[in-house]
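Structure first, commentary second.
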Amino acid sequence: MSWIEVKAIFAEAPEDWSPYIDVFGNHGCENTLQTDKPPTLSAAVVDVDGAEAVVEALTADLLAMGVTEVESRSLVEENWEENWKQFFKPRRVGQRFVVRPTWETIESNPGDLEIVLDPGQAFGTGDHPTTRMCLELLEDVVKEGSTVADIGCGSGILSVGACKLGASEVVAVDIEPLSVEVAKENAELNGVHFQAIAGLGATVLPEGATYDVVVSNIISATLIAIAFDIAAIVKPGGAWIVSGIIEQNWPDVLEAAEKAGFTLVRHLAEGDWVGASLHKAE
């Protein structure tokens, strides 16, 4: 399998990298590599049908934000994997999750829930704070038999996590077809099953379907826009887990969630990022 690396090159390092990271994430690239000398931000897109369109759209958005130059080049799988091997190591997340790449091992403890990922499937490795916070918050609310919708699933890591926690039904949705294919591969790699659908948020879910838990690790503006749509698919007494939120945008996200009928249960912060668990009244 081959990949297309997209690298944003800056004249000077931005004071806040998060808006640019958000742009990559909005095009299905949750994991980025950052360098300071020279200042660059890069990620990889799976080189399959539709990849060129993703690269073109991502490039246009980055240039519109004032990035000096955007380069793209083909990578073979081995090159991308070696790049990731430098920093993608096994990591414990929350109380029970262990996220590790396929080439690493880690000593397991009783009750550990292992999520195995390949760096080639590079739309989420659990190394980003927003993904880690979502996994930790899922531990609070997903019980044996829970139904879960993962809106903006990326690599499917959160859907895998929900399955590992005992969810009986998980549906994963992403606007990027490439992300959906990667999510399916990660499900198979972890020996779990969930439905993965390409489309726009809750609009592609079965008509009338409701869920005990909805998780959305996507940008703040989208969370604000879909708050009422999410409220319609969360069961009374259910939970909406949100992340992908830059700290300065958190008040606006919370306000939108509260207007849609949610109350804040738990708030997490790591660096400039926020994650939260919200409750819908019974």
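The values are calculated or read from the model by the stated rules, or taken from the named source; none is laboratory data. Please read all numbers here as calculations on a predicted model, not as lab measurements. Cβ sites come from the backbone with ideal geometry, for glycine too, and all protein chains shown count toward neighbours.
Here is how the numbers come out for the structure above:
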| read-out | value |
| --- | --- |
| Meets criteria (within 22 Å of residue 275 (Cα to Cα), touching a helix residue (DSSP H, G or I) at 6+ places or on another chain (Cβ under 9 Å) and of a type outside the set (Phe, Trp, Tyr)) for residue 243 | yes |
| Total residues in the range 223-248, condition out of contact with any strand residue (DSSP E or B) (no Cβ under 8 Å at 6 or more places or on another chain), surrounded by fewer than 18 Cβ atoms within 10 Å (Cβ to Cβ) and of a type outside the set (Phe, Trp, Tyr) | 4 |
| The range 236-265 residues that are in contact (Cβ under 8 Å) with a residue 60 or more places away in the chain and assigned by TED's automatic domain parsing to the domain that holds residue 219, paired with ones that are among the hydrophobic types (A, V, I, L, M, F, W, C) and part of a strand (DSSP E or B) (beta carbon under 6 Å, 6 or more apart) | 239/213; 241/215; 245/274 |
| Set 161, 145: member being farther than 27 Å from residue 23 by Cβ and either at pLDDT 95 or above or in contact with a Lys or Arg (Cβ under 8 Å, 6 or more places away or on another chain) (or both) | 145 |
| Members of the range 31-46 that are touching a residue at least 24 places away in the same chain (Cβ under 8 Å), buried (at least 16 other Cβ atoms within 10 Å of the Cβ) and outside any strand (DSSP E or B) | 31 |
| Selection within the range 172-193 - surrounded by fewer than 24 Cβ atoms within 10 Å (Cβ to Cβ), closer than 20 Å to residue 28 by Cα and touching a strand residue (DSSP E or B) at 6+ places or on another chain (Cβ under 9 Å) | 175, 176, 177, 178, 180, 181, 184, 187, 189 |
| Where residue 57 falls short, out of the listed (1) over 23 Å from residue 151 (Cβ atoms); (2) out of contact with any helix residue (DSSP H, G or I) (no Cβ under 8 Å at 6 or more places or on another chain); (3) not in a strand (DSSP E or B) | (1) |
| Residue in the range 19-28 that is over 20 Å from residue 73 (Cβ atoms), of a type in the set (A, V, I, L, M), under 21 Å from the mean Cα position of the chain (by Cα) and not assigned by TED's automatic domain parsing to the domain that holds residue 248 present | yes |
| Conditions (1) closer than 22 Å to residue 129 by Cα; (2) of a type in the set (Val, Ile, Thr); (3) at pLDDT below 95: number failed by residue 215 | (3) |
